[in-house]
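First comes the structure, then the notes that go with it.
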Amino acid sequence: LIAAAPSSESAHAITKIVIDAGHGGSDPGNLGTGRYKATEKDITLNVALEVGRRIQQACPNLEIVYTRTGDTFPTLKDRVNIANDAQADLFISVHCDAFTKSSAFGSSTFVMGMHKNEESLRTAMQENASIYLEDNYEENYAGFNPKDPDTYIAIALRNNVYIDHSLHLSKYIQDQFRDEIGRKDRGVRQAGYYVISYT
C-alpha cells in the first residue's frame, strides 16, 4: 500500500519514509493455508525491515521510520499518527493478499482511491476490519465504517490530490516486481485502506 505526498520540483523531494509492517501482536493477519507456521504479521515484519535496510543502503540520507519493529499491534490510527507526526513524504504498508482462489499468485500494489472492482472493495473491507480488534474503536474511528461502501467513496474524493504521485511510484514498484524479481504483475489497484487514506 502506497501513499505519496505531492513532490516539489526537486528530484530529491523524498527525505523521510514510513514503512509499516501490517498487522502484528494480537492481529495475525492472513493465516494462510496452514502449510507454513508464519502468518502475515511475521512475513510483513520481515519484508518491512528488509525494504528499510535496502532503501537505507541505497539512499543513506533518507530517514526511515517504522510503525513497528517487533511483534506489537499498533492500531490503524497509531500507524497513521506515526506517519503524519513524522511528516513523511512516503508511506509504505506491507501486506500479504488473501485470496479466495488457490490459483492466485503474484504481487500487487494498492494506492488510495475509488474501488475499481468488487475484489478491491472486498480486500479493503477485510484489511480495515482489524479496527474491530481495538479497544474503543467506535470512539477512535467515528465516521469511518469499514463495512460501508460509501465510506470509501468519501475518502477517495477527499484525497484525490495525492493520487497521481502514488500511481506513478506504484507503477515503478510493479515494474520492478515483474522485471527484476520475475513475479507475476497483478497490477496497481485503488482501494480505501484506512492507513493510506489518512496519511
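Since every read-out is calculated from the coordinates, none of them should be taken as a lab result. A quick note: this is a predicted structure, and the numbers were derived from the prediction, not measured. All Cβ positions, glycine included, derive from the backbone under ideal geometry; neighbour counts span all protein chains shown.
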Legend entry - Rg(Cα) / (2.2 N^0.38 Å) computed for the stretch 8-84, rounded to two decimals: 1.26
Legend entry - Ranked packing of 48-54, 33-39, most packed first, by mean Cβ within 10 Å: 48-54, 33-39
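What do you get for Rg/Rh over the stretch 159-199 if you use C-alpha atoms and the Kirkwood form of Rh?
On the way: Rg = 11.7 Å, Rh = 11.3 Å.
On the Cα set of the stretch 159-199, Rg over Rh gives 1.04.
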Inset, instruction - Identify the residues of the stretch 20-37 with backbone N under 19 Å of a label point that sits 7 angstrom from the Cα of D135 along the Cα-to-Cβ direction, or state none. - result: 24-28
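Please give the length that would be gained between F73 and D185 if that part of the chain were fully extended, namely 0.36 nm times their separation in residues minus their C-alpha to C-alpha distance (nm, one decimal).
Full extension of this stretch gives 37.3 nm more.
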Legend entry - Whole-angstrom Cα spans of the stretch 39-98 along principal axes, big to small: 33, 24, 20
Inset, instruction - Would you mind checking the pairs K16/K147; K37/K184; K16/K171; K77/K101; K77/K147; K37/K101 and listing those with alpha carbons more than 22 angstrom apart? - result: K16/K147; K37/K184; K77/K101
